[in-house]
Amino acid sequence: MVSFKELNEQNHKIAERTKIILYMIQDRTICDTDVTCDLFFDLMGMVKSHMDIEERELYKGMLTHRDNNVKQTAENFLSGSAEIKRVYKQYMKRWCHNKQLRIKNHSIFVQETEELFGLFQIRMIDEVERFYPVVRTVYGEKMAA
């Protein structure tokens, strides 16, 4: 089972990369360079992997838990994951083709990237402050390592 340490490290890396990429894409001349694209697609893979791990390892025990507050928290976060995945998929379809960024309108790309990364940041804060404390009540020591 994934540990809280691993989940927090993933969140830290995601937060770090979002800040770096947001800084890099402000300059149109480096926006779709190989370096930026590599960092960008690495980040997007990390986000997807993080959400997949949570879904695979955390939600089942929470959705079947006898405490309705635990179930409700899991349902809310699962619903949030679905919405982030929907927005993520639309974003990727619009801006990414064959592992390359295709930017026709730089200002719109920056705006939509800021919005998507903002969703990621809000989600990470909510996980730490609201989701993981409830997860601890369900899994406790199993996730300590």
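The values are calculated or read from the model by the stated rules, or taken from the named source; none is laboratory data. Keep in mind it's a predicted model, so treat the numbers as computed, not measured. Every residue, glycine as well, gets a Cβ built from its backbone with ideal geometry; the counts of neighbours run over all protein chains shown.
Remarks
- Residue, modelled with the highest pLDDT, within region 93-110, restricted to residues that are assigned to a loop (DSSP other than H, G, I, E, B) and either in contact with a Cys (Cβ under 9 Å, 6 or more places away or on another chain) or farther than 21 Å from Asp27 by Cβ (or both): Ile103
- One residue from Asn11, Asn69 being among the polar types (S, T, N, Q), buried (at least 17 other Cβ atoms within 10 Å of the Cβ) and in contact (Cβ under 8 Å) with a residue 24 or more places away in the chain: Asn11
- One residue from Ser3, Ser81 being among the hydroxyl-bearing types (Ser, Thr, Tyr), in contact (Cβ under 8 Å) with a residue 12 or more places away in the chain, touching a helix residue (DSSP H, G or I) at 6+ places or on another chain (Cβ under 9 Å) and surrounded by 14 or more Cβ atoms within 10 Å (Cβ to Cβ): Ser81
- Answer from Gln121, Gln90 - the residue that is under 18 Å from Phe4 (Cα atoms) and either β-branched (Val, Ile, Thr) or in a helix (DSSP H, G or I) (or both): Gln121
- Any hit, region 116-132, residues being over 18 Å from the mean Cα position of the chain (by Cα) and loosely packed, with under 14 Cβ neighbours inside 10 Å: no
- Qualifying residue in region 28-49 (condition: without any contact (Cβ under 8 Å) to a residue 60 or more places away in the chain and closer than 26 Å to Thr137 by Cβ): yes
- Some residue of region 31-40 being assigned to a helix (DSSP H, G or I) and touching a Lys or Arg at 6+ places or on another chain (Cβ under 8 Å): yes
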